[in-house]
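Since the structure comes first, as structure tokens, the remarks are kept for the end.
The values are calculated or read from the model by the stated rules, or taken from the named source; none is laboratory data. Remember, it's a predicted structure, so these values are computed and weren't measured experimentally. All Cβ positions, even for glycine, are placed from backbone atoms using ideal geometry, and neighbour counts span all protein chains on display.
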Amino acid sequence: MGIKDGQEHIGFVAQEVEKVIPEAVSRNNRGYLLVNNDPILWTMLNAIKQQQAEIEVLTRSAHEKHAQIQKLSQQARELRKIERQMAALKGRLAEVEAKNSNSPADATLVAYRLTR
């Protein structure tokens with residue numbers, strides 16, 4: 001291209017762009033490759049749109065998972081509460097059974113059941 005200044009130039013390498021977006025590269029009358037930025041920008045815009053759609057899907061999924069976790073956590077808390085209640089009831093039942101096994105009426109009841 002005949003760039004003779006000593007400054008640094010920033011841009012795309014036409015050969016690399018041509019591999020992925022061939023319509024963005026053309027050849028001038030001297031045989032040099034030229035990069036047209038418009039197809040690159042449109043490709044980038046479409047890629048951003050696609051990524052945004054994927055982000056939205058993942059965000060919805062994360063919200064659903066969070067709701068499921070909250071529901072399962074609540075169910076686990078309720079289950080632990082029921083387990084504590086069951087343990088307390090078992091303890092009370094054991095006390096009642098121990099108290100009733102020492103009762104003379106209990107022996108009468110057992111004898112009554114055996115005779116029937």
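A single entry from 92, 60, 80 fulfils the requirement of being among the charged types (D, E, K, R) and at pLDDT below 95: 92. Just one of the listed residues (97, 23) is modelled with pLDDT under 90 and surrounded by 10 or more Cβ atoms within 10 Å (Cβ to Cβ), namely 97. The residue that is modelled with the lowest pLDDT, among those in segment 1-20 that are part of a loop (DSSP other than H, G, I, E, B) and among the aliphatic types (A, V, I, L, M), is 1. Cβ-Cβ distances below 8 Å connect the following pairs, each with a first residue in segment 24-50 that is under 13 Å from residue 11 (Cβ atoms) and touching a residue at least 24 places away in the same chain (Cβ under 8 Å), a second residue that is small (Gly, Ala, Ser) and in a loop (DSSP other than H, G, I, E, B), and a separation of six or more residues or different chains: 35/11.
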